[in-house]
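K.L.:
Below is the structure I would like to discuss, written out as structure tokens.
The values are calculated or read from the model by the stated rules, or taken from the named source; none is laboratory data. Model, not experiment: these values are computed from the prediction. When we count neighbours, we look across all protein chains shown, and the Cβ atoms used for this are built from the backbone with ideal geometry, even at glycine. Heads up: the accessible areas ignore ligands, DNA and RNA and are worked out on the full protein's heavy atoms, side chains in. Shrake-Rupley method; radii C 1.70, N 1.55, O 1.52, S 1.80 Å.
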Amino acid sequence: MAPLCITNTTENSFRKSFIFTQLNLKNLIQNINKAFDHRVRLGIMSVLMVNDSADFTMLKELLGVTDGNLASHAKALESENYITVEKQFIGKKPNTSYIATAQGRKAFSQHIDALEKLISNK
């Protein structure tokens, strides 16, 4: 069987398509928000997008993480102004709850849109 030969026209067309795909992929990847690159941060924001708020215990149980792990990821989202943290006492017990900010909701929606476009390659 003879080896497959690519004509100049086909080769040029392939190169143009490859370069376009690389540029398109690069643009799509640039829209992915690094603040949500960890599963815990992604999980925190996912919960807060469908709930008005969530307390520390709820997030810890839903995400299956340690106290320190949850606290450090929540702090990272808070420093980006994507969530607000409210601390109060219920009886004598401290209670920490988290709320997604408008900026956080917008950034997370854009992140999810970018992921969907990347997966569908549109």
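K.L.:
Looking at this model, which pairs from Lys60/Lys93; Lys26/Lys117; Lys34/Lys60; Lys75/Lys117 are more than 19 angstrom apart at the alpha-carbon? Don't skip to the answer; put the middle values down first.
P.N.:
Working: Lys60/Lys93 17 Å; Lys26/Lys117 12 Å; Lys34/Lys60 22 Å; Lys75/Lys117 29 Å.
Pairs exceeding 19 Å: Lys34/Lys60; Lys75/Lys117.
K.L.:
Now a separate question. Would you work out the relative contact order for the range 64-118, in percent, from Cα pairs under 8 angstrom that are 6 or more residues apart? Before the final figure, lay out the partial values.
P.N.:
Values: 38 pairs, mean separation 14.1, N = 55.
Relative contact order for the range 64-118 comes out at 26 percent.
K.L.:
Taking a probe of 1.4 Å, how large is the accessible area per residue of the range 50-103, in Å²?
P.N.:
Values: 3490 Å² over 54 residues.
For the range 50-103, the per-residue accessible area is 65 Å².
K.L.:
Okay, moving on. What trypsin sites (Lys or Arg not before Pro) in the range 70-115 are in a loop by DSSP, with at most 12 other Cβ atoms within 10 Å of the Cβ? Please list the in-between numbers first.
P.N.:
Working: sites: Lys75, Lys87, Lys92, Arg105, Lys106; in loops: Lys92.
Answer in residue order: Lys92.
K.L.:
Grab the Cα-Cα distance for Lys87 and Ile99, subtract it from 0.36 nm times how many residues apart they are, and report the gain in nm with one decimal.
P.N.:
Details: separation 12, 0.36 × 12 = 4.32 nm, distance 1.15 nm.
Working it through step by step, the gained length comes to 3.2 nm.
K.L.:
Output needed: percent of Cα pairs per 5 Å distance bin for the range 37-102, bins running from 0 to the one holding the longest distance.
P.N.:
Computed distribution, short to long bins: 4, 18, 33, 28, 12, 5, 1, 0.
K.L.:
Roughly how many nanometres apart are two label points built 7 Å out from the Cα toward the Cβ at Arg39 and Gln110?
P.N.:
2.7
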